[in-house]
């Protein structure tokens, strides 16, 4: 029997009970995961980034320090409010309430932002059934700029609200055409993959080459 992903009402209820229901701003586990995610980025700075499912904005605030412009969004209005408060003093950050993929950002409503040279999919993809997952990933691929970076990081243990496993969604990410995986990190708790568009210059694929080390 297929699982049913949580509805927007369910997420709103979770945030009504707690402004940070997963305690993302408190746990050492999440601080370490975010540090690894940031360390895995192959470029020091990005022009335009997109972070769907930003929750309360803990990772958003760290990404903002590496990006000229960052569009973050979440389904839950309380999460958006918390993320906006957390990033209020950071330049170039926009946090919006969007239901994805139906309200996927376009060049018309995000002028100058799309295409993105960084997309971060953190704890997001396992809420989608296979057909909708394919739709989301097709949109990501279409809106990733030449040489752009795609990051996927997901919790591995089974969870009742997850429709798909981390292994399955990361297999789908790795199967996207025209992308080269440059980072693979696996541990019992989560998977982390970083991919770059294959049309990237060689020094984009290799941070060492960019610094003249090879």
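Yes/no per residue for (1) over 17 Å from residue 199 (Cα atoms); (2) crowded, with 22+ Cβ neighbours inside 10 Å:
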position	(1), (2)
122	yes, yes
133	yes, no
136	yes, no
145	no, no
156	yes, no
159	yes, no
162	yes, no
165	yes, no
| message | Being within 26 Å of residue 91 (Cα to Cα) and at pLDDT 95 or above is the requirement here; does residue 24 meet it? | response | no
| Looking at region 70-99, which of its residues are part of a loop (DSSP other than H, G, I, E, B) and under 15 Å from the mean Cα position of the chain (by Cα)? | 75, 98, 99
| message | Are there helices (runs of 4 or more DSSP H) fully within region 105-214 with at least 3 residues that are under 15 Å from the mean Cα position of the chain (by Cα), at pLDDT 95 or above and closer than 18 Å to residue 54 by Cβ? List them. | response | 130-142
| request: Would you check if residue 197 is touching a strand residue (DSSP E or B) at 6+ places or on another chain (Cβ under 7 Å) and either buried (at least 16 other Cβ atoms within 10 Å of the Cβ) or free of Cβ contacts under 8 Å to residues at least 60 places away in the same chain (or both)? | output: yes
| note | Among residues of region 53-66 being surrounded by 24 or more Cβ atoms within 10 Å (Cβ to Cβ) and not in a helix (DSSP H, G or I), the residue farthest from the chain's Cα centre (by Cα) is 56
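The values are calculated or read from the model by the stated rules, or taken from the named source; none is laboratory data. Everything numeric here is computed off the predicted structure, so don't read it as measured data. All Cβ positions, glycine included, derive from the backbone under ideal geometry; neighbour counts span all protein chains shown.
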